[in-house]
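Worksheet for the structure shown next.
The values are calculated or read from the model by the stated rules, or taken from the named source; none is laboratory data. Everything numeric in this text was worked out from a predicted model, so none of it was measured. Using ideal geometry, Cβ is built from the backbone for each residue, glycine included, and neighbour counts are taken over all protein chains shown. Quick note on the areas: whole protein, heavy atoms, side chains included, nothing else; ligands and nucleic acids left out. Shrake-Rupley method; radii C 1.70, N 1.55, O 1.52, S 1.80 Å.
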Amino acid sequence: MRRRTPPPPSPLPQLDGVDPVRVRLPATGSWATVREYLVERLSGAGAGRVEALFDAGLVVGADGRPVAPDAPYAPGMFVWFHRELAPEVPVPFAIDVVYRDEHIVVADKPHFLATTPRGSHISETALARLRRDLGIQTLTAAHRLDRLTAGLVLFTVRPAERGAYQTLFRDRRVRKVYEAIAPCEPAPELPVTVRSRIVKERGVLTAREVPGEPNAVSRIELAGQRGGLGRYRLVPATGQTHQLRVHMNALGVPILGDPLYPRIAAPVPAGDFRRPLQLLARELEFTDPVTGAEHRFRSGRTLAAWTSYDAWAAV
């Protein structure tokens, strides 16, 4: 099988921990100029935005030189530029580093902080913050946690080693344990291993269970109980989108603070950090594919609805 040629290194530096945008021009197309293609490709960026980038010399080629507005379209050509970042409401919670060596960084992410830049969350992400705080421009995420989920995330330091750590997750050689707070009345029969087929369609907020061969497996146990609430220990064997949230909801005990399950809640204003989803990536355990070391990490965070339900629930 023919190997894909890697792209050339970026000629632009990071800005505030955020990589420049890299675009490769398609092999076929009827565009006359590079600018014409980018205008079509970035149509959602706003009228005149692409023209302004070219006028300011902010679109560059692999040699770092500005691409002229009338530069002819060249199939396969790479160009780079920095996106114009909209103001973001700072997430007012710290991200803690629980382990760091020359190969990896393990961080304890707070609720509401996205793992990597996506959509409207760019500079206020765990990756951008850690790059700024630690001064490691090459830092990348080996996997992701939902923005609303807190807990342990593994990052890699060296680009050449990222694939080895990602393979751990792909091949299910990472043991992950989550903790959740949810009702325990009516109490489901636990422990139980839930197996189902989950699909998540692009553009649809929620995932759903459908008939078919299971692709999502979760072990669910009750670790504690008080005042009608349960503290659940969740051990996923697979990593489907929203898997634990879907499985808890299917058992009739949706996780507290979940804005999607069992029903989609009204959007909250930007900057509303009340009632975080009570889901935490508590443990991460794996054999380091580079050093051979046995790693086991544990989040130091607590779930507020368990320690003080009244304070968590207060409006």
Short version: ³J(HN,Hα) in whole Hz for each residue of segment 97-104, in order, from phi by Karplus 6.51 cos²θ - 1.76 cosθ + 1.60 (θ = phi - 60°), x for Gly and Pro, what are they? 8, 9, 7, 8, 9, 6, 10, 9
How big is segment 1-147 in terms of Cα radius of gyration and Dmax, in angstroms? 17.6, 52
Along the dipole axis of the chain (charges at Cβ: +1 for Lys and Arg, -1 for Asp and Glu; origin at the Cα centre), the most positive-end residue among 302, 217, 159 is 217
If we count every other residue with Cβ under 12 angstrom of residue 166's Cβ, Lys/Arg +1 and Asp/Glu -1, where does the sum land? +2
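Pop out the carbon and sulfur fraction of the accessible area of the chain as a percent, whole number, probe 1.4 Å. Provide the component values of the computation, followed by the final result.
Numbers: 8590 of 16970 Å².
That fraction is 51 percent.
Send over a whole-number figure in Å² for the accessible area per residue of the chain, probe 1.4 Å.
Values: 16970 Å² over 315 residues.
Counting only protein heavy atoms, the per-residue value for the chain is 54 Å².
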Low-density loop trypsin sites (Lys or Arg not before Pro), segment 264-304, at most 14 other Cβ within 10 Å, DSSP non-H/G/I/E/B, are 274
Which loop trypsin sites (Lys or Arg not before Pro) in segment 161-211, with loop taken from DSSP, have no more than 15 other Cβ atoms within 10 angstrom of their Cβ? 172, 173, 200, 202
11 Å cut-off, amide nitrogen to a point 7 angstrom out along residue 295 Cα→Cβ, residues in segment 84-124: 98-107
MRE, 222 nm, helices only [DSSP H, n ≥ 4, -39500 (n - 2.57), over the chain, to nearest 500]: -4000 deg cm²/dmol
With the 8 Å Cα cutoff and a minimum separation of six or more residues, segment 96-166 has a relative contact order in percent of 34 percent
When only DSSP loop residues count, what GluC sites (Glu not before Pro) in segment 146-246 have their Cβ near at most 11 other Cβ atoms within 10 Å? 189, 201
